[in-house]
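Visitor: Have a look at the structure that comes next, please.
The values are calculated or read from the model by the stated rules, or taken from the named source; none is laboratory data. Since the model is a prediction, treat every value here as computed from it, not as a measurement. In this analysis, Cβ positions are derived from the backbone assuming ideal geometry, glycine residues included, and neighbour counts consider all displayed protein chains. With ligands, DNA and RNA removed, areas are computed over all heavy atoms of the protein, side chains included. Shrake-Rupley method; radii C 1.70, N 1.55, O 1.52, S 1.80 Å.
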Amino acid sequence: MPEIEIKNLGKCFPSVDKKVIALDDIDLHIKQGEYNALLGPSGCGKTTLLRCIAGLENPTEGDILFDGSSALNMSVQQRHVGFVFQHFAVFPHLDVWQNVAYGPTVQGWSKAAIEDSVRSNLKRVGLSDRPHAMPDELSGGMRQRLGLARALSTNSKILLLDEPLSALDAKIGEYLRYELKRIAKKYGITAIHVTHNQEEAMTIADNIILMRQGKVIQTGTPEELYEKPNSVFAANFIGKCNFFTGERISAHEVKCRDKIIAIARHTGFSRIAIGVRPEKIHIESKSGKNYFQGRLESVNFMGHFYEYQIRSGEDLVWAYKQFKEDQLRKKFKVGDPIYFWFNPEDCFLWEAPEDMRKELSL
Amino acid sequence: MSDTKSNHSFAWSKKAAHLGFLSSLLFFVVVIFIPAVYILGYFGNFDALLDPEIIRALFLSLSIGLIVTIFNLILGVPLAWMIVRSKNRFLKWLDNLIDLSLVMPTAALGFSVYFYYGTNWGVARLIGLEGGLVSQGPLLIILLHIVFTLPYMVRSVSAAIMQLDVAYEEAADSLGASPFSFFRTIALPLCRDGVINGAVLSFTRSLSETGATMMVAGVFATAPVLIVSLKDADNFPAAASLSIILILIALLILVLARTAFGKKTFTLPTIRPDFEKKLSGLFSPRNFIVTFVYFAMIFLPTIFLVLYYFMNFKAVDISALTGSLLISFAVAGIVTLFNAFLALPIAYIIARNRMGIGEIVESLNEVILIVPTSALGLSLALFWRQFLPWEIVILILAHLCFTFPLFVKPLVAAFRNISTDQEDAAYSLGAGTVRIFRTVILPQIKPALITGAIMVFMRSLSETGATLAVSQNIKTVSVLIVELFKENRLDEAAIACLILFSFSLVFLVILKKTQTARTVKRV
Ligand SMILES: Nc1ncnc2c1ncn2[C@@H]1O[C@H](COP(=O)(O)OP(=O)(O)OP(=O)(O)O)[C@@H](O)[C@H]1O
Ligand SMILES: [Mg+2]
């Protein structure tokens, strides 16, 4: 059954001034039946990777294996991969029914089998009641679901989705997220779902593949990526994170903004980047040992928590506090001085990148 | 309040604009449209129709039109596909050559095509034959008509293909459709309007061409050629009847095409995947075949006259030409200038549906475009001779008439691209109509104006059928080329063709420049 291996895959596009390296030495192992989110900033090569897997683009280097055998010599047709396009690409001259029937029809299925497939797939996506509507009579969400039904119609066991939810309004997008995963799981489909929305990736995926500038930065479960980001970029892209830089003093001490703070793990780097999630930042109204000073810039209500924005030197530091810690809020007024600190165990530590600012800009 | 004054002048400028539109509309109907179809008033006398000569000519014209159209479909659709979708630079670059035979005066084309196929200078020499490959007659007419009608097909189909989202093809591929299945179930239905439009233009242009056809027809006569000879023999009733029939056929085609347009639904046919996959095998050498056929049957015949000229280079006395050249250029210049002024308001009326008559005016414009020019010429001659004694004025009016739609079409497209918001915004800022036109609209329609002007100028230079029908003594250069050719004064004809050819080359370059300047970034 479908298992995809990608071996040092590379893709260059010739361009007027210089070559664009869209994919750079990608190695991936996509397990059977797993729902993968392919996440990364705009232009990092997500679409290109997906298109290479589907056979819509030829890689310039490396290999793609479907169940152990190379797919490079297979045509798009032979790869038998369901593809959901970013802008749906539903056929405008065919009605809903015929759009879904298209794949089975061109593959020469029997009439009964075609009808079976269309009926069940329309039901899966909840379009059974409008089989004869033309695509331009459908809402964006319905068209998206039609694109999905069409991709599922030929019983492909691999489903590739290129930002399938980006064109939808937030509520429908959220609903369809779970639908997608439910369908994929129910039918044992191996899925790769491209998105640049980290929240979408976290909620939908068994496994997240984080990309940047044509490279895979980190792969793992959402929890792994959130709790053990392997780089400043990963911590910054997935969830929110505060960053500090410091110099190594000893194996468990770092000098950061004229304070010596303890760190939990040993590190050999001389310049160290420290990352702390906003919910791990503690705030106080009075100063204490190794507290950092700042000024409260704003407090924002975010539903179940408050977001404290603290101006500290040039940086803006975020701290999230639970709603029930309401009494805190009365202690702080915007403009007041405020002190914050964090536990050594709650820090991520990496070698400091040469240019932190560049690292943080996507 | 200070507002009243500006309100007043605003109302005044609106009124003036309205008046302007009305008068240009009047001019369009009285000077362009009615004279063009005036001949329909002679409807009724159809004795001539039993004349076997007329029946033969009609049959010949219709069969040629049909064969030419079918050939254009077979060559033009894959050619358009290749030009739009190919990643190969050279194949994309072919795009620049396609319009060559479109702006090339047909008389020069006739000369060129004749020498390419019909004499031992051309292909015959390449493949080692004595004498010509194709002698004058129906086959040569077909080959000629293919040369100048193919660009209409390619342009119209490639415009449709450009609108076709590449993702449709990728979606079909990922669903397992073979290239042939994709072509017949997705590409063709979605590009149908473009294909129909290309077919209509191919057919009607073939049905109408006169000058070049005369050069290659030999003893055969197509319908428009016969109209000219009947008119020369002073057999007006027969010429009129034949003209009316041609106009009616053109109208019928237009109506049929219109009803076929815009139907959106399509039913999936049954598909036999294995068979269609085999057929798709034919697609792989497609680009090679199409390119080869294009060069052998379109490009080389078009430019062959240049080769002929250099192979036969001789000093020639061109004094016979200068007068005709002067007349032709003067007529073309005047016609272009007049049309520019007249086409602007009419195109605006069509694009913005002013007074609710946009669609009607557009249809009238379309009718003139497809009416065979020799029929049109006869109609114009019959109409204007009642009022005007001067041949040159009638000649200019005739050229004004058949070139007019060529100016209107690109302008309509340009106006449609300007959102009404821009005009409204300018109005709301207090700009008057004239000012808005000058500062907001004119800059945006400039490319269309240049395109229209070039098309009109070249068409006026090259037209033969209508010109022959209205003129008795004045000879435009195209008419002269046909005559010189028939009198076997080939060297003089070659020079005249070469002069026209150089002009079309220059214009083609300008045309391409303005088009690329206008090209919007494609996503
Ligand atoms: N056909 C192409 N020709 C040239 N360059 C291309 C082509 N397709 C993609 N690229 C380049 O490859 C890089 C990766 O593009 P890709 O579309 O894969 O990014 P993406 O991650 O999908 O971005 P987005 O989130 O904006 O969709 C970009 O720099 C892009 O400009
Ligand atoms: Mg993308």
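Visitor: Through the Karplus equation 6.51 cos²θ - 1.76 cosθ + 1.60, θ set to phi - 60°, convert the phi angles of segment B:340-345 into ³J(HN,Hα) values in whole Hz; use x for Gly and Pro.
Guide: Result, rounded to whole Hz: 4, 5, 7, 6, 4, x.
Visitor: Next up: If you wrap a convex hull around the C-alpha atoms of segment A:241-360 and split its volume per residue, what is the figure in Å³? Intermediate values should be presented prior to the final figure.
Guide: Values: hull volume 12.4 nm³, N = 120.
Spelled out: Cα convex hull of segment A:241-360, divided by residues, is 103 Å³.
Visitor: Based on the alpha carbons, how large is the Rg to Rh ratio for segment B:115-255 when Rh follows Kirkwood?
Guide: Details: Rg = 20.7 Å, Rh = 18.2 Å.
Over the Cα atoms of segment B:115-255, Rg/Rh equals 1.14.
Visitor: Starting from a Cα-only point model with no solvent, please compute log10 I(q)/I(0) by Debye for segment B:57-99 at q = 0.28, 0.30 1/Å.
Guide: Scattering profile of segment B:57-99, log10 relative to I(0): -0.90, -0.96.
Visitor: Leaving ligands, DNA and RNA out of it, work out the accessible area of B:Thr451 with a 1.4 Å probe and give it in Å² to the nearest 10.
Guide: 20
Visitor: Can you run the Rg to Rh ratio on the protein assembly as shown? Use alpha carbon positions and the Kirkwood inverse-distance Rh. Walk me through the numbers on the way to the answer.
Guide: Numbers: Rg = 36.0 Å, Rh = 32.8 Å.
Value, to two decimals: 1.10.
Visitor: Can you tell me how segment B:332-374 classifies by the Cα gyration tensor, rounded, prolate or oblate, using a/c under 1.5 as the rounded cut?
Guide: Working: a/c = 4.29, a/b = 1.27, b/c = 3.38.
Note, shape of segment B:332-374 comes out oblate.
Visitor: Another question, then. Around A:Asp315, which amide H atoms from residues at least 5 apart in sequence, or from another chain, sit under 5 Å from its own amide H, with H modelled in the peptide plane?
Guide: Close amide H contacts, sequence-distant or interchain: none at all.
Visitor: Gap in Å between the Cα centre of segment A:211-244 and the Cα centre of segment B:400-430?
Guide: Using only Cα atoms, the two centres lie 54 Å from each other.
Visitor: Measure nothing but the geometry: give the 0 to 90° angle between the long axis through the Cα atoms of A:170-186 and the longest principal axis through the Cα atoms of chain A, rounded to 10°.
Guide: In chain A, helix A:170-186 runs at an angle near 60 degrees to the longest axis.
Visitor: Could I ask something else about it? Could you pull the accessible area for B:Glu362 with a 1.4 Å probe, rounded to 10 Å²?
Guide: 50
Visitor: With no solvent and one point on each alpha carbon, what is the Debye value of log10 I(q)/I(0) for segment B:273-326 at q = 0.12 Å⁻¹?
Guide: Computed log10 I(q)/I(0) values: -0.56.
Visitor: State, to one decimal in nm, how far the label point of B:Val440 lies from the label point of A:Arg311, with both points 7 Å from Cα in the Cβ direction.
Guide: 4.4
Visitor: Could you give the distance between the Cα centres of segment B:229-282 and segment A:43-91, to the whole Å?
Guide: Using only Cα atoms, the two centres lie 42 Å from each other.
Visitor: Calculate the mean, over all residues of peptide B:265-278, of how many other protein chain Cβ atoms lie within 10 angstrom of the residue's Cβ. Write down the numbers at each step before the final one.
Guide: On the way: counts 6, 6, 4, 11, 1, 3, 7, 1, 6, 1, 1, 2, 3, 0.
Going residue by residue through B:265-278 and averaging, the value is 4.
Visitor: Let me ask something else about it. Counting helices only, and only those DSSP H runs with n ≥ 4, report the 222 nm mean residue ellipticity of the protein assembly as shown as the sum of -39,500 (n - 2.57) divided by its residues, in deg cm²/dmol to the nearest 500. Intermediate values should be presented prior to the final figure.
Guide: Working: 39 runs with 485 residues, N = 885.
Calculated at 222 nm, the ellipticity per residue is -17000 deg cm²/dmol.
Visitor: What lysines could a cross-link reach from B:Lys475, if we take a straight Cα to Cα line under 23 Å and drop same-chain neighbours fewer than 8 places away?
Guide: Within the straight-line cut-off, B:Lys475 pairs with B:Lys231, B:Lys486.
Visitor: If you don't mind, there's one more thing I want to ask. So how much accessible area does B:Leu143 have, in Å² to the nearest 10, using a 1.4 Å probe?
Guide: 20
Visitor: Continuing with the same structure: Percentage of Cα-Cα pair distances in segment A:4-233 greater than 33 Å, rounded to whole percent? The partial results should precede the final answer.
Guide: Details: 4437 of 26335 pairs.
Across segment A:4-233, Cα pairs with separations above 33 Å total 17 percent.
Visitor: OK, next. Taking a cut-off of 20 Å between Cα atoms, list the lysines near A:Lys171, but don't count ones fewer than 8 places away on the same chain.
Guide: A:Lys181
Visitor: Per-residue HN-Hα couplings for segment B:397-408, Karplus 6.51 cos²θ - 1.76 cosθ + 1.60 at θ = phi - 60°, whole Hz, x for Gly and Pro?
Guide: Going residue by residue, I get 4, 5, 5, 4, 5, 7, 8, 3, x, 5, 7, 5 Hz, with x marking Gly and Pro.
Visitor: Just to be sure I understand: with springs between alpha-carbon atoms less than 10 Å apart, which residue in A:Ala37, A:Ala319, A:Ala89 has the highest mean-square fluctuation in the Gaussian network model of chain A?
Guide: A:Ala89
Visitor: Another question, then. Using a Gaussian network model of chain A whose springs link C-alpha atoms within less than 10 Å, name the residue from A:Val334, A:Val216, A:Val96 with the highest mean-square fluctuation.
Guide: Looking only at A:Val334, A:Val216, A:Val96, the biggest GNM fluctuation is shown by A:Val334.
Visitor: Mind ranking B:Tyr308, A:Tyr320 by accessible surface for me, highest first, 1.4 Å probe?
Guide: Final ranking, largest accessible area leading: A:Tyr320, B:Tyr308.
Visitor: Compute the distance from the alpha-carbon center of segment A:329-356 to that of segment B:160-222, in whole Å.
Guide: First find each Cα centre; the distance between them is then 67 Å.
Visitor: Report, by chain and number, residues whose modeled amide H sits under 5 Å from the one on A:Glu351, excluding near sequence neighbours (fewer than 5 apart, same chain).
Guide: It is A:Ala273, by chain and number.
Visitor: Let me ask another. Just subtract the alpha-carbon distance of B:Met311 and B:Ser419 from 0.36 nm times their residue separation and send over the number in nm, one decimal. Mind dumping the intermediate values first?
Guide: On the way: separation 108, 0.36 × 108 = 38.88 nm, distance 5.39 nm.
Here the segment from B:Met311 to B:Ser419 would lengthen by 33.5 nm.
Visitor: For the pairs A:Lys215/A:Lys280; A:Lys11/B:Lys87; B:Lys446/B:Lys513; A:Lys19/B:Lys513, flag any whose C-alpha to C-alpha distance is greater than 19 Å. Mind showing how you got there, number by number?
Guide: Working: A:Lys215/A:Lys280 30 Å; A:Lys11/B:Lys87 17 Å; B:Lys446/B:Lys513 12 Å; A:Lys19/B:Lys513 28 Å.
Check vs 19 Å cut-off fails for A:Lys215/A:Lys280; A:Lys19/B:Lys513.
Visitor: Considering only protein heavy atoms, with the full assembly of protein chains and a 1.4 angstrom probe, order A:Thr154, B:Thr270 by accessible area, largest first.
Guide: Values: A:Thr154 5, B:Thr270 125 Å².
Descending order: B:Thr270, A:Thr154.
Visitor: Can I ask one more? Would you mind checking the radius of gyration and Dmax of segment A:147-289 based on alpha-carbon positions, in Å?
Guide: For segment A:147-289, the Cα radius of gyration and maximum Cα-Cα distance read 20.3, 65 Å.
Visitor: May I pose another question? Using the Cα centre of the protein assembly as shown as origin and beta-carbon charges of +1 (Lys, Arg) and -1 (Asp, Glu), tell me which of B:Cys191, B:Ala238, B:Thr291 is placed farthest towards the positive end of the dipole.
Guide: With unit charges placed on the Cβ atoms, the residue in question is B:Cys191.
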